[in-house]
Amino acid sequence: DTLSSNLNVDSLEFIASSHEPMEMTRNGNILKFYFPGIMLPDSTRDFAGSQGYVRFKIKTNEAMDPDDVINNTAHIYFDFNPAITTNTV
């Protein structure tokens with residue numbers, strides 16, 4: 001997940017994730033979440049069981065204007081397959 005420059009990356013606080021263990025790393029404004037050994041079922045066989053999440057909170061920069069919009073898109077990698085891109089919100 002690449003965080004917007006309108007966010008204060010030093011205020012990042014992890015809240016929860018759907019699976020453990022989970023390792024989070026940050027390099028500048030790039031966040032990586034790694035779930036070693038996770039074995040999610042195929043969504044066509046078990047849709048609910050194939051879901052996962054990461055929850056965190058972060059503050060905006062003080063210089064941000066009230067009308068500014070922050071869009072976010074994440075990329076999910078399974079094994080060595082191409083990324084699955086999330087909806088932009």
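Results, tabulated for the structure shown:
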read-out: Wholly within segment 1-85, strands (runs of 3 or more DSSP E) carrying at least 2 residues that are exposed (fewer than 10 other Cβ atoms within 10 Å of the Cβ) and out of contact with any Asp or Glu (no Cβ under 7 Å at 6 or more places or on another chain); value: 7-17, 23-27
read-out: Selection count where residues are over 20 Å from I30 (Cα atoms) and within 12 Å of the chain's Cα centre (by Cα), scope segment 43-89; value: 0
read-out: Pair list, Cβ under 6 Å, 6 or more apart: segment 68-89 residue touching a residue at least 24 places away in the same chain (Cβ under 8 Å) and among the aliphatic types (A, V, I, L, M), other residue part of a loop (DSSP other than H, G, I, E, B) and open to solvent by less than 100 Å² (accessible area, probe 1.4 Å); value: I70/S4; I70/N6; A74/D1; A74/T86
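The values are calculated or read from the model by the stated rules, or taken from the named source; none is laboratory data. Keep in mind that what you see is a predicted model, and the values were worked out from it rather than measured. As a convention, Cβ positions derive from the backbone with ideal geometry for all residues, glycine included, and neighbour counts pool all protein chains shown. For accessibility, only protein heavy atoms count, side chains too; no ligands or nucleic acids. Shrake-Rupley method; radii C 1.70, N 1.55, O 1.52, S 1.80 Å.
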